[in-house]
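Colleague: Please find one structure pasted underneath; my questions will follow.
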Amino acid sequence: MTNHWVDIRNANVIIVMGGNAAEAHPCGFKWVTEAKAHNHAKFIVIDPRFTRSASVADLYAPIRTGTDITFLGGVINYLLTTGKIQHEYVKAYTNAPLIVNEGYRFEDGLFSGYDAANRSYDRSSWAYEMGPDGYAKIDETLQHPRCVLNLMKQHYSRYTPEMVTNICGTPRELFLKICEILAGTSVPNRTATFMYALGWTQHSVGSQIIRTAALVQLLLGNIGMAGGGINALRGHSNIQGLTDLGLLSNLLPGYLTLPGEKETDYQAYIGKRTPKPLRPNQFNYWSNYPKFHVSLMKSWFGDSATKENNWCYDWLPKLDVEYDIMRQFELMGQGKMNGYFCQGFNPLAAIPNKAKLIKGLSQLKYLVVIDPLATETSCFWENHGEHNDVAPPKIATEVIRLPSTCFAEEDGSLTNSGRWLQWHWKGAEPPGDAKGDAEIMAGIFLTLRELYKKEGGAFPDPLLNLTWNYKMAHSPHPEELAREYNGKALADLTDPKDPTRVIVQKGQQLDGYGQLKDDGTTACGCWLFSGSFTEKGNMMARRDNADPSGLGNTPNWAFSWPANRRIMYNRASCDPAGKPWDPNRRVIWWDGAKWTGIDVPDFKPDSPPGDGMNPFIMQPEGVGRLFALDKMAEGPFPEHYEPFETPIGTNPLHPKVISNPAARVFKDDWAMFGKNTDYPYAATTYRLTEHFHFWTKHTRLAAIMQPEQFVEISEELAREKGIRAGDWVKVRSARGFIKAKAVVTKRIKPLQVNGTTVHHVGIPLHWGFKGVAKSGYLANTLTPFVGDANSQTPEFKSFLVNIEKA
Ligand SMILES: Nc1nc2c(c(=O)[nH]1)N[C@H]1C(S)=C(S)[C@@H](COP(=O)(O)OP(=O)(O)OC[C@H]3O[C@@H](n4cnc5c(=O)[nH]c(N)nc54)[C@H](O)[C@@H]3O)O[C@H]1N2
Ligand SMILES: Nc1nc2c(c(=O)[nH]1)N[C@H]1C(S)=C(S)[C@@H](COP(=O)(O)OP(=O)(O)OC[C@H]3O[C@@H](n4cnc5c(=O)[nH]c(N)nc54)[C@H](O)[C@@H]3O)O[C@H]1N2
Ligand SMILES: [Mo]
């Protein structure tokens, strides 16, 4: 979230689109109710299904799955053609006036630079036109035909209300009504917030859907404002913490990135990640990259990391490709992977195309599962009749199960969607032989290190030199780990303005990442978390809910990364002169000498208004990007592409380019996509409040509340197919089938799309063959093996099925 949960209360308009917060985030959803009660906020839900969120909305609009870029592109077109944007904000705080390179083109669904053979783009023409002074060119009058605003107008002129209705199936009047309500927040003293989750991310164009919403928010001047922002509602209680700590294959902690295999030169690696400013006098935050990186390496490798050995740069793995979860299973299937560790992860249930997953797991030599429960993954080799029809004697994989605690059985911090690190305390002792995850990992590490010491082996250096200074080597305490993430001084640190004054003594915890150095005198395991465990103690354990501003930002409750900042990009909540756009939403302001306010300024604290410094300091040009330059795989402006399995079989905007031309598909998976002639219905998978994924079916009470697998269809489709409520139905895709009970509902309606009727089939995802609930099929028996071109998040939300009475 750019903002945070409590801040939703400050919004005038709330859009839940691509999510179902009432069901999947029932606790946080209370802030929507508060906004309605105290702020008379208008609450809008846009979803293929009339959800529990929709049931309390002021306005509900249906939409066909996978078409949100068209809807939001239509909103952009409405805002630009009616002029209902926050003009001063757009001109000063976005790249609207910057001029784009002459070589940039968009034609017939493709941007310039497309390489069909590799399904990827040469992105070099998606750039600014540079002036002789080395800075990007700008036209403050917004007249230049190639300034971003004019290219954007041209790009979205195709997204007319007629096109929106034709592609999304949303009735025209409803669409226009939503445009009008959103446009009402283009004035400085009204804001809208977008709350989204998987209904946006789980598409082959997921990242671009989110970007389209960000464009709407920038045009409306809603980023940086209390009650505004783009708010990703995260899933597992600590999934935000997972990405913050770099547990994706291409990341290091704090969103630093692993080198690629060609990046053998340390200086070149650092140089590439420390971009030069694109506008005069712009401060670029990533100029701090070397400080973060060197401090990370000092944290990991201590005295072994020296300037002379480039802080052990050669010890970092170098990536040939990204090892996302789909690639991992692709490699398993090709027999290129020997062993696999699953910690708190049940991929057989969670990843698309079950048949492909079973094939992969069956080819492993060994599989280690670290989990409190007997999951489907750990039991993939068991025969469960129609629900898991495998032949155990043919599977040679050795499966090792290590029983772990669950989060409630240990101390630690959870980072919520609003970026708050909140400390929690153990609620119960672990049962039986279960051990905490840290203890299990420590055990594996210490044993491996011992083996390397005794027997040697290829490349032992990083293992033998890893810092491991815990009181109990076999079981690091969560507080010890948290202190490492915060970071400490390795030498006395002095005040840059007065070198005789020591501000942090050698060995002490740092106050925040502002104190990090690139000379080896600081260690820090994750710069974003610096400030969370200082000499004053555990900031994550703070529980003071005082709210002096009345805007709900409670600065002494837990710790919010970065730097305890509650609203990101908050410099943009003030006009260029440093005065808050809205006197009732004063977040920060310029007091004549410095930036101050009720939040930690997201800006250089002493940089006065008018000195050329722009508010989005994470970008080298300092402004919000309407045009993304080379950052996205499929283009600098979001464009509508159909799901890989489309119920209309064409793309009405450009029939020659139907689906995302830059999405990765493995060779054998092309043949596994279904056509609308065989599988005519649009399917989508989702959650129910009563279950959490695939593990609450192991608890009796949850199993009683939702005992049995079902799918949802409209009354119209039921009639067409002769299906009655409660009938057993068979749902088939090109990858397999499931059987479930039919729920026939008014909450799903057929939509008129591009001259045909599109029916949706709704598939809750919680069932499987382990646990105490009635055994069922894994929903991911049906889903296709393709993901978002940038994040590789699978397309779980839009695929094709057929349905018949079983
Ligand atoms: N009770 C419970 N809560 C949970 C979870 C759980 O399993 N159970 N899981 C947690 C996790 S890990 C996550 S990631 C979150 C997920 O939170 P959500 O994303 O809110 O959950 P979903 O139910 O997967 O999907 C949300 C909605 O997206 C809609 N949708 C599908 N396709 C589209 C589309 O193309 N456009 C639009 N506009 N909407 C679409 C679906 O109809 C559905 O109502 O929930 C978390 N909370
Ligand atoms: N079709 C379809 N598929 C989906 C989705 C969808 O919307 N549609 N959503 C996707 C999403 S967003 C998600 S997040 C995934 C979820 O997929 P998973 O994360 O694989 O699902 P969970 O059942 O939450 O699995 C977590 C496992 O962690 C274990 N666990 C709990 N606490 C601890 C602990 O402290 N330590 C350890 N070691 N284990 C613990 C649980 O017992 C459980 O088995 O599913 C994805 N798959
Ligand atoms: Mo998730």
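The values are calculated or read from the model by the stated rules, or taken from the named source; none is laboratory data. No experiment lies behind these values; they were computed from the predicted model shown. No Cβ is skipped: glycine too gets one built from the backbone with ideal geometry, and neighbour counts run over all protein chains shown. Note: accessible area is taken over every heavy atom of the protein model, side chains too, but ligands, DNA and RNA are not part of it. Shrake-Rupley method; radii C 1.70, N 1.55, O 1.52, S 1.80 Å.
Colleague: Of the accessible area of the chain, with the probe set at 1.4 angstrom, what percent is carbon plus sulfur?
Modeller: So the carbon and sulfur contribution to the accessible surface is 54 percent.
Colleague: Mind checking the dipole of the range 567-721: about its Cα centre, +1 per Lys or Arg Cβ, -1 per Asp or Glu Cβ, Debye to the nearest 20?
Modeller: Computed about the Cα centre, the dipole is about 300 debye.
Colleague: For a quick protection proxy, order the peptides 791-800, 262-271, 650-659, 483-492 by their average other-Cβ count within 10 Å, most packed first.
Modeller: Listed from highest to lowest mean packing, they are 791-800, 483-492, 650-659, 262-271.
Colleague: Before I look further, what does the range 667-805 give for accessible area per residue, probe 1.4 Å, in whole square angstrom?
Modeller: Result: 40 Å² of accessible area for each residue.
Colleague: Between Ser249 and Asp611, what FRET efficiency follows from the Cβ-Cβ distance if R0 is 30 Å, with the result rounded to 0.05?
Modeller: 0.15
Colleague: Quote the FRET efficiency, to the nearest 0.05, computed for Ile503 versus Phe345 with a Förster distance R0 of 41 Å and r equal to the Cβ-Cβ distance.
Modeller: 0.45
Colleague: Once the Cα gyration tensor of the range 162-275 is found, what semi-axes does its equivalent ellipsoid get, as square roots of 5 times the eigenvalues, in whole Å, sorted largest first?
Modeller: In descending order the semi-axes read 36, 18, 16 Å.
Colleague: What percent does the relative contact order of the chain come to when contacts are Cα pairs within less than 8 Å and at least six residues apart?
Modeller: Relative contact order for the chain comes out at 16 percent.
Colleague: I need the phi-derived Karplus couplings for the range 119-127: 6.51 cos²θ - 1.76 cosθ + 1.60, θ = phi - 60°, integer Hz, Gly and Pro marked x.
Modeller: Karplus values, whole Hz, x for Gly and Pro: 6, 8, 10, 7, 8, 5, 7, 8, 9.
Colleague: For the range 50-159, what is the accessible area per residue in Å² when the probe is 1.4 Å?
Modeller: 42
Colleague: Got a sec? What order do His384, His25, His236 fall in by accessible area at 1.4 Å, biggest, i.e. largest, first?
Modeller: Largest accessible area first, the list is His236, His384, His25.
Colleague: Among Ser798, Ala703, Ala682, flag the residue with its Cα farthest along the positive direction of the charge dipole of the range 667-805, charges on Cβ as +1 for Lys/Arg and -1 for Asp/Glu.
Modeller: In the range 667-805, that residue is Ala703.
Colleague: From the phi of every residue in the range 682-699, what ³J(HN,Hα) in whole Hz does the Karplus formula 6.51 cos²θ - 1.76 cosθ + 1.60 yield, where θ is phi - 60° and glycine or proline is x?
Modeller: Using θ = phi - 60°, the values come out as 7, 9, 9, 10, 7, 9, 10, 4, 6, 10, 10, 6, 10, 10, 6, 5, 7, 10 Hz.
Colleague: Find the relative contact order for the range 494-653 and round it to a whole percent, using C-alpha pairs within less than 8 Å whose residues are 6+ positions apart.
Modeller: Computed value for the range 494-653: 11 percent relative contact order.
Colleague: Would you work out the relative contact order for the range 667-805, in percent, from Cα pairs under 8 angstrom that are 6 or more residues apart?
Modeller: Relative contact order for the range 667-805 comes out at 36 percent.
Colleague: Where does the charge balance sit around Tyr470 when Lys and Arg score +1, Asp and Glu -1, over other residues with C-beta under 12 Å from its C-beta?
Modeller: Around Tyr470, the surrounding residues sum to -2.
Colleague: Taking the inverse of the average 1/r across all pairs of different Cα atoms in the range 490-615, what Kirkwood radius in Å do you get?
Modeller: 16.2
Colleague: Mind putting a number on the dipole of the range 253-379 about its Cα centre? Charges go on the C-beta only, +1 for Lys and Arg and -1 for Asp and Glu, and I need it in Debye to the nearest 20.
Modeller: 340
Colleague: Looking at the square roots a ≥ b ≥ c of the eigenvalues of the Cα gyration tensor of the range 667-805, which shape do they give, rounded for a/c under 1.5, prolate if a/b is larger than b/c, or oblate?
Modeller: It comes out oblate by the Cα gyration axes.
Colleague: With only alpha-carbon atoms in the gyration tensor, what are the semi-axes of the equivalent ellipsoid for the range 582-639, in Å, largest first?
Modeller: Each semi-axis is the square root of five times an eigenvalue, giving 29, 14, 9 Å.
Colleague: Rolling a 1.4 Å sphere over the protein heavy atoms, what is the accessible area per residue of the range 160-242, to the nearest Å²?
Modeller: Accessible surface, normalised per residue, equals 25 Å².
Colleague: Mind checking which aspartates and glutamates have their Cα closer than 12 Å to the Cα of Lys177? Skip sequence neighbours fewer than 8 apart in that chain.
Modeller: Excluding near neighbours in sequence, the set is Asp58.
Colleague: If you place +1 on the Cβ of every Lys and Arg and -1 on the Cβ of every Asp and Glu, how big does the dipole about the Cα centre of the chain come out, in debye to the nearest 20?
Modeller: With Lys and Arg at +1 and Asp and Glu at -1, about 1340 debye.
Colleague: What does the net charge come to around Tyr135 if you take all other residues with beta carbon closer than 12 Å to its beta carbon, with K and R at +1 and D and E at -1?
Modeller: Taking every other residue near Tyr135 into account, the sum is 0.
Colleague: Can you pull the Rg over Rh of the chain, Cα-only, Kirkwood?
Modeller: That ratio equals 0.95.
Colleague: Okay, next question. How would Lys497, Lys365 rank on accessible area, largest to smallest, probe 1.4 Å?
Modeller: The most accessible residue leads, giving Lys497, Lys365.
Colleague: Along the charge dipole of the range 402-482, which of Leu414, Ala442, His424 sits closest to the positive end, that is, farthest toward it, with unit charges on the beta carbon of Lys, Arg, Asp and Glu (+1, +1, -1, -1)?
Modeller: The residue sitting most towards the positive pole is Ala442.
Colleague: Reachable aspartates and glutamates from Lys506, Cα under 19 Å, same-chain residues fewer than 8 places away excluded?
Modeller: Within the straight-line cut-off, Lys506 pairs with Asp303, Glu480, Glu484, Asp492, Asp495, Asp498, Asp518, Asp519, Glu535.
Colleague: To check my understanding: the extent here is largest minus smallest coordinate of the Cα atoms along each principal axis. What are those three numbers for the range 318-379, in Å, largest first?
Modeller: Computed over the Cα atoms, the extents are 34, 26, 22 Å.
Colleague: Right, here's the next one. Whenever you get a sec, line up Lys536, Lys697 from highest to lowest accessible area (probe 1.4 Å, protein heavy atoms).
Modeller: Per-residue accessible area, sorted high to low, gives Lys536, Lys697.
Colleague: Please list, in chain and number order, the residues 5+ apart from Ser659 or on another chain whose amide H is under 5 Å from its amide H, with Hs placed from the backbone.
Modeller: Under 5 Å from the amide H of Ser659: Glu642.
Colleague: A further question follows. For the range 35-51, just list the computed ³J(HN,Hα) in residue order, Karplus coefficients 6.51, -1.76 and 1.60, θ = phi - 60°, integers in Hz, with x standing in for Gly and Pro.
Modeller: Running phi through 6.51 cos²θ - 1.76 cosθ + 1.60 with θ = phi - 60° gives 5, 5, 6, 9, 10, 6, 5, 8, 10, 10, 10, 10, 7, x, 10, 7, 8 Hz.
Colleague: Rank-order 423-432, 200-209 by packing density, defined as the average count of other C-beta atoms within 10 Å over each peptide's residues, highest first.
Modeller: Top to bottom by mean Cβ count within 10 Å: 200-209, 423-432.
Colleague: Mind ranking 32-43, 459-470 by how tightly packed they are, going by the mean number of other C-beta atoms within 10 angstrom, highest first?
Modeller: Descending packing order for the listed peptides: 32-43, 459-470.
Colleague: Please compute the net charge surrounding Glu716, taking Lys and Arg as +1 and Asp and Glu as -1 over other residues with Cβ under 12 Å from its Cβ.
Modeller: Cβ neighbours under 12 Å give a net charge of +2.
Colleague: I'd like the distance separating the alpha-carbon centroids of the range 324-367 and the range 586-633, in whole Å.
Modeller: Their Cα centres are 44 Å away from one another.
Colleague: May I pose another question? At a Cα cut-off below 16 Å, give the aspartates and glutamates reachable from Lys746, other chains included and same-chain residues fewer than 8 away excluded.
Modeller: Result set, ordered by chain and number: Asp47, Glu712, Glu715, Glu716, Glu720.
Colleague: Which of Ser362, Leu245, Pro615 sits farthest toward the positive end of the charge dipole of the chain, with +1 on the Cβ of Lys and Arg and -1 on the Cβ of Asp and Glu?
Modeller: The one lying farthest along the dipole's positive direction is Ser362.
Colleague: Would you give the gap between the C-alpha center of the range 651-685 and the C-alpha center of the range 374-409, rounded to a whole Å?
Modeller: Going from one Cα centre to the other spans 32 Å.
Colleague: Would you please give the residues with an amide H less than 5 Å from that of Thr534, counting only those at least 5 places away or on a separate chain, with H modeled from the backbone geometry?
Modeller: Met539
Colleague: Counting only Cα atoms, I'd like the Rg/Rh figure for the range 198-352, Kirkwood definition for Rh.
Modeller: Result: Rg/Rh = 1.01.
Colleague: With r defined as the distance between the Cβ atoms of Asn338 and Glu261 and R0 fixed at 22 Å, what FRET efficiency is calculated, to the nearest 0.05?
Modeller: 0.60
Colleague: If you find the alpha carbon centre of the range 1-21 and of the range 698-753, how far apart are they in angstrom?
Modeller: 30
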